[in-house]
1. Has the range 115-123 got any residue that is surrounded by fewer than 21 Cβ atoms within 10 Å (Cβ to Cβ) and either within 23 Å of residue 194 (Cβ to Cβ) or in contact (Cβ under 8 Å) with a residue 40 or more places away in the chain (or both)?
2. Among the listed residues 137, 169, 107, 191, which satisfies the condition of being surrounded by 14 or more Cβ atoms within 10 Å (Cβ to Cβ) and over 26 Å from residue 86 (Cα atoms)?
3. Among the residues of the range 49-89, write down those that are farther than 17 Å from residue 23 by Cβ and either in contact with a strand residue (DSSP E or B) (Cβ under 8 Å, 6 or more places away or on another chain) or buried (at least 18 other Cβ atoms within 10 Å of the Cβ) (or both).
4. Can you say whether residue 144 is more than 19 Å from residue 20 (Cβ to Cβ), assigned by TED's automatic domain parsing to the domain that holds residue 211, surrounded by fewer than 24 Cβ atoms within 10 Å (Cβ to Cβ) and in contact (Cβ under 8 Å) with a residue 24 or more places away in the chain, as far as the supplied structure shows?
5. Check 191, 162 and return the single one that is more than 16 Å from residue 127 (Cα to Cα) and free of Cβ contacts under 8 Å to residues at least 60 places away in the same chain.
6. Kindly provide the set of residues from the range 194-210 that are loosely packed, with under 15 Cβ neighbours inside 10 Å and at pLDDT below 90, ordered by number.
7. Need the failing condition index for residue 43 against (1) in a helix (DSSP H, G or I); (2) surrounded by 21 or more Cβ atoms within 10 Å (Cβ to Cβ), just the number.
């Protein structure tokens with residue numbers, strides 16, 4: 001029974017860590033605003049960049065990555081011996097996902113947080129240290145070619161299970177079954193949290209990050 005209590009406590013701690021509303025705090029400090037009432041209305045790094053600039057946005061992204069990396073890489077492994085689950089990968093997934101949910105539905109800001117891509121990246125960095133940089137390349141290429149952050153985020157998550165199946169061919173990053181199954185679920189989470197963006201992409205009304213685009217249409 002105590003082992004299950006320990007697992008519950010570590011999941012709660014992971015959720016609270018992920019719930020730290022970085023962008024909302026920076027919005028209050030820098031301009032005295034609620035970032036969710038400006039720009040796209042999203043409490044994430046991209047909207048912080050639009051509203052507050054690149055310096056606050058950089059802080060937000062780095063902290064958001066760290067607040068999910070910490071539960072996945074540290075909480076889960078340090079307290080693994082006291083868990084009822086024998087697969088450490090499963091414990092890491094649970095802790096990391098609890099942090100991502102904390103970011104998306106933060107208890108400190110009325111359960112209205114960001115879309116979770118930054119925190120998801122921190123979790124994936126701990127779980128897939130080789131595959132994630134490749135996914136970031138997919139994100140970067142999509143961004144500079146289309147200007148759509150949301151599309152880049154979705155395609156990056158879709159590429160994750162593909163890379164995990166390809167890398168072992170070259171003797172790199174052999175993942176456990178639990179991590180492979182989770183990688184297949186990650187794109188669905190990204191699609192769900194970006195469902196409003198997908199609607200705008202379909203309607204042609206999604207905001208472009210034009211400063212990042214290489215090829216721009218001339219007026």
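The values are calculated or read from the model by the stated rules, or taken from the named source; none is laboratory data. As the structure is a prediction and not an experimental result, all values here were calculated from the model. For neighbour counting, all protein chains shown are included, and Cβ atoms are generated from backbone atoms with ideal geometry for every residue, glycine included.
1. Keep residues of the range 115-123 that are surrounded by fewer than 21 Cβ atoms within 10 Å (Cβ to Cβ), which gives none.
The answer is no, given that none of the residues of the range 115-123 is surrounded by fewer than 21 Cβ atoms within 10 Å (Cβ to Cβ) and either within 23 Å of residue 194 (Cβ to Cβ) or in contact (Cβ under 8 Å) with a residue 40 or more places away in the chain (or both).
2. Details: 137 fails: surrounded by 14 or more Cβ atoms within 10 Å (Cβ to Cβ); 169 fails: surrounded by 14 or more Cβ atoms within 10 Å (Cβ to Cβ); 107 fails: surrounded by 14 or more Cβ atoms within 10 Å (Cβ to Cβ).
When all the criteria are applied, what remains is 191.
3. Here is the first cut: in the range 49-89, the residues farther than 17 Å from residue 23 by Cβ are 69-89.
Answer for the range 49-89, where residues must be farther than 17 Å from residue 23 by Cβ and either in contact with a strand residue (DSSP E or B) (Cβ under 8 Å, 6 or more places away or on another chain) or buried (at least 18 other Cβ atoms within 10 Å of the Cβ) (or both): 69, 70, 71, 72, 73, 75, 76, 83, 89.
4. Working: more than 19 Å from residue 20 (Cβ to Cβ): yes; assigned by TED's automatic domain parsing to the domain that holds residue 211: yes; surrounded by fewer than 24 Cβ atoms within 10 Å (Cβ to Cβ): yes; in contact (Cβ under 8 Å) with a residue 24 or more places away in the chain: yes.
Spelling it out, residue 144 is indeed more than 19 Å from residue 20 (Cβ to Cβ), assigned by TED's automatic domain parsing to the domain that holds residue 211, surrounded by fewer than 24 Cβ atoms within 10 Å (Cβ to Cβ) and in contact (Cβ under 8 Å) with a residue 24 or more places away in the chain.
5. Numbers: 162 fails: more than 16 Å from residue 127 (Cα to Cα).
Exactly one of 191, 162 is more than 16 Å from residue 127 (Cα to Cα) and free of Cβ contacts under 8 Å to residues at least 60 places away in the same chain, namely 191.
6. Going residue by residue through the range 194-210, those that are loosely packed, with under 15 Cβ neighbours inside 10 Å are 195-196, 199, 202-205, 208, 210.
Correct list: 208, 210.
7. With (1) in a helix (DSSP H, G or I); (2) surrounded by 21 or more Cβ atoms within 10 Å (Cβ to Cβ) applied to residue 43, the lone miss is (1).
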